[in-house]
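The values are calculated or read from the model by the stated rules, or taken from the named source; none is laboratory data. Because the structure is a prediction, the values reported are computed rather than measured. We place every Cβ from the backbone using ideal geometry, glycine too, and count neighbours over all the protein chains shown. In case anyone asks, the SASA skips ligands and DNA or RNA and just uses the protein heavy atoms, side chains included. Shrake-Rupley method; radii C 1.70, N 1.55, O 1.52, S 1.80 Å.
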Amino acid sequence: TRLNPEFVPVLGIEQGVLDVHTGHVDRGLRRIERSIARVGDAKRHSWMVGRGRFVLLDTRAAEGERLAFEGQAARLKRKLIARAKVLKQVESELYAVIKTEEPEWITASLLRVGDTYADLADDLVAAPTPPQLDADQVLIYQEEIARKAQGPRTKAYTLYDHGVSFATRLSWESPVVDELKVRRDELSAVR
């Protein structure tokens, strides 16, 4: 018997996922993107499309998180701009995951993107203070950075809360949903 051609792109997504997980990241991402574009019946194969899109989202989020805030002011600014660009791609992938209507991948994606925003807030606060500032300026700088970090923290909280609300509406339970609740409640205490 021959393989139904409809399943070739679905298997391609899985192969791409395996490539990413075994360290062949670029090849895997290309394979996932190509295969998702070739899936004929996205509704029928929504779980696998969601799986592939989650891996794209997760990999891009990790790439952004590796952009550390260190060095001189110009370098910090470039890293912040690069991270913002990655976040935009990650959010775009989140919306694509949501379109699959697959609760497993939607909740996992909301958790991952929420974590990405929470990490951005933490990295902003932990970024080195410019050395040319005097003691008074350092305090003002740190207060301003803490204020700026509230935006990403609020975004993280909102994503976690959406994940919990979505799961509650569907009566969907999983360890990811439990983690969404924990992270939301932790952020609720510090917001």
Test G12 against the criterion of being farther than 22 Å from A118 by Cα and in contact with a Gly (Cβ under 7 Å, 6 or more places away or on another chain), and give yes or no.
no
So R83 clears everything in (1) of a type in the set (K, R); (2) modelled with pLDDT of 95 or more; (3) open to solvent by less than 20 Å² (accessible area, probe 1.4 Å) except one condition, right? Which one?
(2)
Go through region 62-79 and report how many residues are in a helix (DSSP H, G or I), under 21 Å from P130 (Cα atoms) and free of Cβ contacts under 8 Å to residues at least 24 places away in the same chain.
5
Of the numbered conditions (1) modelled with pLDDT under 95; (2) open to solvent by less than 70 Å² (accessible area, probe 1.4 Å); (3) outside any loop (DSSP other than H, G, I, E, B); (4) not aromatic (F, W, Y), D41 fails exactly one; give the number of that condition.
(3)
Only unsatisfied item for H21, checking (1) open to solvent by 60 Å² or more (accessible area, probe 1.4 Å); (2) in contact with a helix residue (DSSP H, G or I) (Cβ under 6 Å, 6 or more places away or on another chain); (3) closer than 25 Å to D178 by Cβ, is (2)
So which of T107, T59 is out of contact with any Ser or Thr (no Cβ under 8 Å at 6 or more places or on another chain), hydroxyl-bearing (S, T, Y), within 25 Å of D178 (Cβ to Cβ) and assigned to a helix (DSSP H, G or I)?
T59
How many of the residues making up region 156-177 are within 18 Å of the chain's Cα centre (by Cα) and surrounded by fewer than 13 Cβ atoms within 10 Å (Cβ to Cβ)?
1
Have a look at R66, R34 and point out the one that is open to solvent by 40 Å² or more (accessible area, probe 1.4 Å) and modelled with pLDDT of 95 or more.
R34
Given the criteria open to solvent by 70 Å² or more (accessible area, probe 1.4 Å), over 19 Å from Y157 (Cα atoms) and not hydroxyl-bearing (S, T, Y), does R53 qualify?
no
Quick check on my filter: what residues within region 112-133 are farther than 29 Å from V176 by Cβ and either touching a Gly at 6+ places or on another chain (Cβ under 9 Å) or open to solvent by 80 Å² or more (accessible area, probe 1.4 Å) (or both)?
P128, P131, Q132
